[in-house]
Amino acid sequence: PDNRGVAPPPSPIRPDADHVPSSLPLQRIADGLAGRGLPVQWSDDAGGYLCNYVFFHSAAGLCRGLAAPMAGFVHVGPVNLPGAERSNTAMDFKQFAEGAELILQTCVQEAQAR
């Protein structure tokens, strides 16, 4: 359901395209995260709501004026934010920041190489 509690019936985002691959350097990202001891889990689904919609439109070049040279989606699990109540199942904020920086650096390097 959306923020108002409305849950539309399942339907394709665009009927003529059922699969749009990520163009992120996913293996390099996963290898880099794992190499630093950060958690990695593969998924082929950006999510069933806004995440999937945004990914699909950017990756498929469906947004007028936006021809993303690289598009993908990275889900991040719960993060212990500084000053907030800590959870034993959440990632430390330092780990989150380190992972985010690695992902961005890897994507920038890939874009420069292309």
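The values are calculated or read from the model by the stated rules, or taken from the named source; none is laboratory data. Everything numeric here is computed off the predicted structure, so don't read it as measured data. Don't worry about glycine lacking a Cβ; one is built from the backbone with ideal geometry, like all the others, and counts go over all protein chains shown. These area figures cover heavy atoms from the full protein model, side chains too; ligands, DNA and RNA do not enter into them. Shrake-Rupley method; radii C 1.70, N 1.55, O 1.52, S 1.80 Å.
Just a few scattered comments:
- Residue 59 being loosely packed, with under 11 Cβ neighbours inside 10 Å, modelled with pLDDT under 80 and within 17 Å of residue 110 (Cβ to Cβ): no
- For residue 104, the stated conditions do not hold, so it cannot be described as at pLDDT 85 or above, out of contact with any Gly (no Cβ under 9 Å at 6 or more places or on another chain) and closer than 30 Å to residue 1 by Cα.
- Once the range 64-85 is narrowed to residues that are open to solvent by less than 80 Å² (accessible area, probe 1.4 Å) and not hydrophobic (A, V, I, L, M, F, W, C), the residue that is nearest to residue 26 (Cα to Cα) is 72.
- Whenever a residue of the range 30-43 is in contact (Cβ under 8 Å) with a residue 60 or more places away in the chain, its partners that are assigned to a helix (DSSP H, G or I) and surrounded by 11 or more Cβ atoms within 10 Å (Cβ to Cβ), lying with C-beta atoms within less than 6 angstrom and at least six residues away or across chains, give the pairs 32/102; 32/106; 33/99; 38/95; 38/99.
- Taken over the range 1-10, the criterion of being modelled with pLDDT under 80 and open to solvent by less than 90 Å² (accessible area, probe 1.4 Å) is satisfied by 2 alone.
Table: residues versus (1) assigned to a loop (DSSP other than H, G, I, E, B); (2) surrounded by fewer than 10 Cβ atoms within 10 Å (Cβ to Cβ); (3) not hydroxyl-bearing (Ser, Thr, Tyr).
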position	(1), (2), (3)
22	yes, no, no
38	yes, no, yes
44	yes, yes, yes
94	no, no, yes
101	no, no, yes
109	no, no, yes
